[in-house]
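Every number in this text was worked out from the coordinates using simple rules, so none of it is lab data. Quantities reported herein were computed from a predicted structural model and do not represent experimental measurements. Virtual Cβ from ideal backbone geometry, glycine too; neighbours counted across all protein chains shown.
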Amino acid sequence: MNLPTLTVPRTDDIRETQRWRNLLKRYIFGLTISFTWNPGNLVDGAGETSATVTVTGATLGDYVQIAAPYDLQGITCTGYVQAADTVQVRLQNETGGAVDLASGTWKIKVTA
């Protein structure tokens, strides 16, 4: 992954200082957002992908972490950048039985 060149800004250039701070925060802390999702009842072998979630600043190749609001009961969960500023979450049930997850507030964290 190519990281942007960070040059130490002149102290009198406020815009450059703010740009530098934003880039540094992006690479250290990431981008975080929450969204509400009610996945359907997933029978064994079934999966579901969330609607797109806007995460301003997310780019292809970024890392995506997902925090579910409850126990996933063995379902796998994957987050990915689908396009610039757009993230999706994918659930896949391979547990051997049906799992019906409730509606909840999910969290996404994107880091470079």
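Dipole size of the stretch 31-111 about its Cα centre, with +1 on Lys/Arg Cβ and -1 on Asp/Glu Cβ: approximately 240 debye, rounded to the nearest 20. Tally Lys/Arg at +1 and Asp/Glu at -1 over every other residue whose Cβ is under 14 Å from the Cβ of GLU48; what's the total? Local net charge: -2.
Between 0 and 90 degrees, the angle of helix 14-28 with respect to the longest Cα principal axis of the chain falls at about 30 degrees. Rounded to the nearest 500, the 222 nm mean residue ellipticity of the chain from helices alone is -4500 deg cm²/dmol, with -39,500 (n - 2.57) taken per DSSP H run of at least 4 residues.
The loop-placed trypsin sites (Lys or Arg not before Pro) in the stretch 17-112, going by DSSP, include none that has at most 12 neighbouring Cβ atoms within 10 Å of its Cβ.
Over every Cα atom in the chain, the radius of gyration and the widest Cα-Cα span, Dmax, amount to 17.8, 62 Å.
The residue among VAL110, ILE66, VAL99 whose Cα reaches farthest toward the positive pole of the charge dipole of the stretch 31-111, with charges on the beta-carbon of Lys, Arg, Asp and Glu, is VAL110. Could you compute the net charge surrounding GLY104? Neighbours are other residues with a C-beta less than 15 Å from the C-beta of GLY104; K and R count +1, D and E count -1. Net charge in that neighbourhood comes out at -2.
Among the chymotrypsin sites (Phe, Trp or Tyr not before Pro) found in the stretch 28-84, those both in a DSSP coil and sparsely packed, with 11 or fewer other Cβ atoms within 10 Å of their Cβ, are PHE29, TYR70.
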